[in-house]
Amino acid sequence: MNKVRKIPMRMCVVSREKLPKKELIRVVRTSDGVVIDETGKVNGRGAYVKKDLNVIEKAEKTKVLEKHLEVSIPTEIYDKLKEIINEA
């Protein structure tokens, strides 16, 4: 009997859709500031965003990530998110 592995689902804070964790990027507020968590292991308050340029741009315009993480997010973070998506 093959055991079916459960796929971890998370919600994108921008589009509000539930997606498998692999299709999302985690942004974390740590004591050092805001970081992009590519391992999924960083301690701190995290929020997930879909790997989609439109979603990242909407997050930047509406400041939805800033509301979730309760911290202002530097433009470099959004630029890095766009880079990650373009590389994928």
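Only one of these conditions is not met by GLU60: (1) under 15 Å from ARG29 (Cα atoms); (2) within 13 Å of the chain's Cα centre (by Cα). Which number is it?
(1)
Could you give every pair whose Cβ atoms fall below 6 Å, whose first residue belongs to region 46-74 and is without any contact (Cβ under 8 Å) to a residue 24 or more places away in the chain, and whose second residue is among the basic types (Lys, Arg) and surrounded by 14 or more Cβ atoms within 10 Å (Cβ to Cβ), counting only separations of at least 6 or pairs across chains?
GLY46/ARG26
If ILE84 meets every condition in (1) at pLDDT 95 or above; (2) surrounded by 10 or more Cβ atoms within 10 Å (Cβ to Cβ); (3) not in a strand (DSSP E or B) apart from one, which number is that one?
Failed condition: (1).
The values are calculated or read from the model by the stated rules, or taken from the named source; none is laboratory data. Please read all numbers here as calculations on a predicted model, not as lab measurements. Quick reminder, even Gly has a Cβ in these numbers, built from the backbone with ideal geometry, and neighbours come from all protein chains shown.
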